[in-house]
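Asker: Take this structure, written in structure tokens, and hold onto it; I'll ask about it next.
The values are calculated or read from the model by the stated rules, or taken from the named source; none is laboratory data. For clarity, every value in this text was computed on a predicted model and none was experimentally measured. Positions of Cβ are backbone-derived with ideal geometry, glycine not excepted, and every protein chain shown enters the neighbour counts.
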Ligand SMILES: [Zn+2]
Ligand SMILES: [Zn+2]
């Protein structure tokens, strides 16, 4: 029996009438949720692949239509190619060097250069936005950092403004499609003869023929730019926040602007400092004696050490707040606080002298009537009439 496959709309958690924007948004959300680099739970990778496959089909209007009509039978499984993008123009971004290859994976799955649809338009078309992720250290998120990242992108040619023609007189209507950019073809498929509209192969859908190509871009209309881009990551940035790099995303069409590049910042976690909003929490160990007698001491903050007074008699788990020693808010000049969680460390190894002193202390305490364990038992005895 054939394996029961889940409904593609269910996989993306969207309705059958979802728009392309909704499909895109659902895809991005689920990819973040299940990406094997971000989610180590068992089964996440399978979910991730499922999401990829569903997106590949539903983001393509033609495949979506076939799926809506015939279900899985309508889709050629070899066309649902998972990781490798959908071919076409492939925006080949450079490697992010030490930041891992997650960025490359993302630029592929978020449709780096995916042709937006089988629709053809003669006018200028803006390029697609592209998405990458980048890891930074915890301390870089504290102070902010500037990183040089290699970018490869395209911009419209200044000479021909993206038309690819040497001059305006060199542009004429495409004779194959008479300027419509489309041609009709008949395809023999398992469902019978299907008439479909295809992008005109002579003009690639522009509806125009170029007599003399632009000498600057060889008729491409766009020029490849390689750049060491200086990415400014602001102080206090949170994991998951995106930075927009304008017009350095996917290539435009017919002189349209290029899309934007979004870089999602993933901040590495720190074992000692834990972020919560703009506040920072830290567990700080002190000795039993210091907890009893109180102590003036240095505590670590994300900006260096700070001297504080720990009051005598502080309890395990008590917190001390140090104002303005948390993260800087990205959109204002406010700072969060640091919250120091006191952890009292009870000694396990005692010298002979220490042991004697503690025994002496216990003798002294023996005269008191308020030993906590005895008080607690008294209370329970009264409550339950034990
Ligand atoms: Zn040109
Ligand atoms: Zn044509």
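Asker: Check whether at least one residue in the range 238-252 is on the phi > 0 side of the Ramachandran plot and touching a helix residue (DSSP H, G or I) at 6+ places or on another chain (Cβ under 9 Å), and report yes or no. Reasoning before the result, please.
Answerer: Residues of the range 238-252 that are on the phi > 0 side of the Ramachandran plot, as a first pass: 240, 247.
Right, trim to touching a helix residue (DSSP H, G or I) at 6+ places or on another chain (Cβ under 9 Å) and you get 240.
Scanning the range 238-252, I find at least one residue that is on the phi > 0 side of the Ramachandran plot and touching a helix residue (DSSP H, G or I) at 6+ places or on another chain (Cβ under 9 Å), so the answer is yes.
Asker: Let me ask something else. Determine if the range 194-216 includes at least one residue that is within 30 Å of residue 140 (Cα to Cα) and either within 16 Å of ligand 1 (Cβ to nearest atom) or surrounded by 12 or more Cβ atoms within 10 Å (Cβ to Cβ) (or both).
Answerer: Residues of the range 194-216 that are within 30 Å of residue 140 (Cα to Cα), as a first pass: none.
No - not one qualifying residue is present in the range 194-216.
Asker: Now, a different point. Does residue 225 qualify as being touching a strand residue (DSSP E or B) at 6+ places or on another chain (Cβ under 8 Å) and more than 16 Å from ligand 1 (Cβ to nearest atom)?
Answerer: So residue 225 does not fit the description; no.
Asker: Can you name the strands (runs of 3 or more DSSP E) wholly within the range 154-237 that have at least 3 residues being at pLDDT 90 or above?
Answerer: Working: elements: 171-173, 182-189, 192-199, 208-210, 222-233.
Of the strands (runs of 3 or more DSSP E) lying wholly inside the range 154-237, those with at least 3 residues that are at pLDDT 90 or above span 171-173, 222-233.
Asker: Something else about it: Could you pull out the residue among 26, 18 that is modelled with pLDDT of 80 or more and either in a loop (DSSP other than H, G, I, E, B) or closer than 24 Å to residue 204 by Cβ (or both)? Full working, then the answer.
Answerer: Working: 26 fails: either in a loop (DSSP other than H, G, I, E, B) or closer than 24 Å to residue 204 by Cβ (or both).
Of the residues listed, the single one that is modelled with pLDDT of 80 or more and either in a loop (DSSP other than H, G, I, E, B) or closer than 24 Å to residue 204 by Cβ (or both) is 18.
Asker: Could we say that residue 147 is surrounded by 13 or more Cβ atoms within 10 Å (Cβ to Cβ) and touching a helix residue (DSSP H, G or I) at 6+ places or on another chain (Cβ under 9 Å) here? Talk me through it step by step, then tell me what you get.
Answerer: Working: surrounded by 13 or more Cβ atoms within 10 Å (Cβ to Cβ): yes; touching a helix residue (DSSP H, G or I) at 6+ places or on another chain (Cβ under 9 Å): yes.
Criteria met by residue 147.
Asker: Next up: Can you name every residue in the range 320-334 that is in contact (Cβ under 8 Å) with a residue 60 or more places away in the chain and in a strand (DSSP E or B)?
Answerer: Restricting attention to the range 320-334, the residues satisfying the condition of being in contact (Cβ under 8 Å) with a residue 60 or more places away in the chain are 327-330.
Scanning the range 320-334 gives a single hit, 328.
Asker: Among the candidates 249, 317, 313, which residue alone is modelled with pLDDT under 95 and assigned to a loop (DSSP other than H, G, I, E, B)? Write out each step before concluding.
Answerer: Values: 317 fails: modelled with pLDDT under 95; 313 fails: modelled with pLDDT under 95.
Unique residue meeting the criteria: 249.
Asker: I'd like the full set of residues that are over 20 Å from residue 125 (Cα atoms) and either within 12 Å of ligand 1 (Cβ to nearest atom) or out of contact with any strand residue (DSSP E or B) (no Cβ under 9 Å at 6 or more places or on another chain) (or both), limited to the range 158-177. Reasoning before the result, please.
Answerer: Going residue by residue through the range 158-177, those that are over 20 Å from residue 125 (Cα atoms) are 166-167, 169-170, 175-176.
Answer for the range 158-177, where residues must be over 20 Å from residue 125 (Cα atoms) and either within 12 Å of ligand 1 (Cβ to nearest atom) or out of contact with any strand residue (DSSP E or B) (no Cβ under 9 Å at 6 or more places or on another chain) (or both): 166, 167, 169, 170.
Asker: Is it the case, given these coordinates, that residue 282 is over 19 Å from the mean Cα position of the chain (by Cα), surrounded by 14 or more Cβ atoms within 10 Å (Cβ to Cβ), within 16 Å of ligand 1 (Cβ to nearest atom) and assigned to a strand (DSSP E or B)?
Answerer: On the way: over 19 Å from the mean Cα position of the chain (by Cα): yes; surrounded by 14 or more Cβ atoms within 10 Å (Cβ to Cβ): yes; within 16 Å of ligand 1 (Cβ to nearest atom): no; assigned to a strand (DSSP E or B): yes.
So residue 282 does not fit the description; no.
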